[in-house]
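Student: The structure that follows is given in the form of structure tokens.
Where a number appears in this text, it was derived from the coordinates with a stated rule and is not lab data. Keep in mind the model is a prediction, meaning the values are calculated, not measured. Cβ placement follows ideal geometry from the backbone for every residue including glycine, while neighbour counts extend to all protein chains displayed.
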Amino acid sequence: MTELDDQVAIVTGGTRGIGRAIAEELADGGAKIAVVATTAEGAARVAELLPGAGHAGFGVDVSDAAACTGLVSAVEEALGPPEILVNNAGITRDNILPRMKDEEWQGVLDTNLSGAFYVMRAAARGMMKRRSGKIVNVSSIVGLTGNRGQSNYAAAKAGLNALTKSVAQELAGRGVRANAVAPGFIETDMTDQLPEDVRDAMLDRIPLGRLGSPADVAKVVRFLVGPAGAYVTGQVIVVDGGMVM
Ligand code: NAP
């Protein structure tokens, strides 16, 4: 018997990096994971490798509102009603303000902010009816501090923080909790693209003296969706080795 036994958890962006670590961590806690990514094949491949049984993969572009509504129904049909939702899917399209193209701005807002809204809206109805649910949105410290070259990404993450707090207030009375985690610099495909000097400069700013791992974030998500997090809602929990204090 583990603390998330048989609870159905949707994890968007669950094929790689932080999302994959979250899927593994929640599966280790006994949850049945709906792994969501851009392709059904990629998602199914990861679902098969997770510990435990009863997982499934779903290919859904979270920036597509109708597809997100369909996702929640498909998960319910395949695995059962979702008790946990982790909105983790995210992209970067960095550029400085005067050069930022409309599609770079809009693409990041659509995936990182609207995507979380679409899936939450679809999942919240059932959670409210069942008077039970846990939502975690994967934000970023950049949503708190801003960042040069990431006005689109920072705006999306700041919006996600405010969205999380609003949803937490709306749903608390129905037994549903909503929190965000704000990672700092975590070693994933997303940060692998950064030049060596930028990584070194980043490391200098981390009091704990190392870059974060996806597992560092996943363990905090497990706490938030589990019984130990029962009295926590509407929070943005920073997981960054002390970069932002
Ligand atoms: P990553 O390694 O680039 O993985 C991104 C994941 O999101 C993949 O599973 C990808 O699926 C999925 N995805 C991307 N666009 C999607 C879409 N439109 N619909 C559905 N799935 C989509 O990213 P990461 O570094 O783990 O980041 C995960 C989250 O943490 C993001 O929200 C990011 O903003 C946040 N974050 C990361 C860091 C960091 O340092 N890495 C720091 C702060 C916050 P495919 O495999 O199908 O492409």
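Student: Of the peptides 37-48, 113-124, how do they stack up when ordered by the mean number of other Cβ atoms within 10 Å, highest first?
Tutor: Numbers: 37-48: 17.5, 113-124: 23.1.
The densest-packed peptide leads the list: 113-124, 37-48.
Student: Out of residues 5 or more away from I135 or on other chains, whose amide H comes under 5 Å of its own, with H placed 1.01 Å from N in the peptide plane?
Tutor: Sorted by chain and number, the residues that satisfy this are L85, R177, A178, N179.
Student: So what J values fall out for region 133-146 if you push phi through Karplus, 6.51 cos²θ - 1.76 cosθ + 1.60 with θ = phi - 60°, rounded to Hz, Gly and Pro as x?
Tutor: x, 9, 10, 10, 9, 8, 9, 6, 4, 5, x, 9, 10, x
Student: A follow-up question, please. Could you give the size of the charge dipole of the chain about its Cα centre, using +1 on the Cβ of each K and R and -1 on the Cβ of each D and E, expressed in debye and rounded to the nearest 20? Don't skip to the end; give the middle numbers.
Tutor: On the way: 23 positive and 28 negative charges, 181 e Å.
With Lys and Arg at +1 and Asp and Glu at -1, about 860 debye.
Student: Give the value in nm², to one decimal: projected area of the alpha carbon convex hull of region 153-213, averaged over all directions.
Tutor: Numbers: hull surface 22.5 nm².
Over all viewing directions, region 153-213 projects a mean Cα-hull area of 5.6 nm².
Student: Would you work out which of G212, G57, Q7 lies farthest towards the positive end of the dipole of the chain? Charges go on Cβ: Lys and Arg +1, Asp and Glu -1.
Tutor: Q7
Student: Provide the packing ranking of 92-103, 68-79, 2-13, i.e. peptides ordered by the mean count of other C-beta atoms within 10 Å per residue, highest first. Write down the numbers at each step before the final one.
Tutor: Values: 92-103: 12.2, 68-79: 17.8, 2-13: 22.2.
The densest-packed peptide leads the list: 2-13, 68-79, 92-103.
Student: If you keep only loop residues by DSSP, which trypsin sites (Lys or Arg not before Pro) in region 195-237 have at most 13 other Cβ atoms within 10 Å of their Cβ?
Tutor: Details: sites: R199, R205, R210, K219, R222; in loops: R205, R210.
Here the sparse-neighbourhood loop sites are R205, R210.
Student: If r is the Cβ-Cβ distance from V232 to R121 and R0 is 25 Å, what FRET efficiency results, to the nearest 0.05? Display every interim value, and only then the final one.
Tutor: Numbers: r = 22 Å, r/R0 = 0.89.
Computed FRET efficiency for V232 and R121 comes out at 0.65.
Student: Over what distance in Å are the Cα centres of region 159-235 and region 73-111 separated?
Tutor: If we compute the Cα centre of each part, the gap is 15 Å.
Student: Starting from the amide H of Q235, placed 1.01 Å from N in the peptide plane, find each other amide H under 5 Å away whose residue is 5 or more places distant or on another chain.
Tutor: So Q235 has HN proximity to A180.
Student: Residue by residue through region 207-221, which ³J(HN,Hα) values in whole Hz follow from phi under the Karplus form 6.51 cos²θ - 1.76 cosθ + 1.60 (θ = phi - 60°), with glycine and proline marked x?
Tutor: Each residue's phi maps through the Karplus curve to give x, 6, x, 8, 6, x, 10, x, 5, 4, 6, 4, 5, 6, 4 Hz.
Student: Provide the gained length on full extension for the span L97 to R148, in nm with one decimal, where the gain is 0.36 nm per separating residue minus the Cα-Cα distance.
Tutor: 17.5 nm
Student: In addition: Per residue of region 11-16, in order, report the coupling 6.51 cos²θ - 1.76 cosθ + 1.60 (Karplus, θ = phi - 60°) as ³J(HN,Hα) in whole Hz, putting x for Gly and Pro.
Tutor: Going residue by residue, I get 10, 7, x, x, 8, 9 Hz, with x marking Gly and Pro.
Student: Let me ask something else about it. If the only charges are +1 at each Lys and Arg Cβ and -1 at each Asp and Glu Cβ, what is the size of the charge dipole of region 57-182 around the Cα centre, to the nearest 20 debye?
Tutor: Roughly 560 debye, rounded to the nearest 20.
Student: Right, next: Build a GNM of the chain with springs between Cα atoms under 10 Å: which of N137, N88, N147 gets the top mean-square fluctuation?
Tutor: Among N137, N88, N147, the largest mean-square fluctuation in the Gaussian network model of the chain belongs to N147.
Student: Then there is this: Hey, what number do you get for the chain at 222 nm if only DSSP H runs of n ≥ 4 count, each worth -39500 (n - 2.57), divided across all residues, to the nearest 500? If you can, show how the numbers build up before the last one.
Tutor: Details: 10 runs with 109 residues, N = 245.
The helix-only estimate for the chain comes to -13500 deg cm²/dmol at 222 nm.
Student: Let me ask something additional. Obtain the radius of gyration and the Kirkwood radius of the chain from its C-alpha atoms and give Rg over Rh. All intermediate terms of the calculation are to be shown ahead of the outcome.
Tutor: Working: Rg = 16.9 Å, Rh = 17.8 Å.
Rounded to two decimals, Rg/Rh equals 0.95.
Student: Using only the Cα atoms of region 33-82, construct the convex hull and provide its projected area averaged over every direction, in square nanometres to one decimal.
Tutor: It is 3.1 nm².
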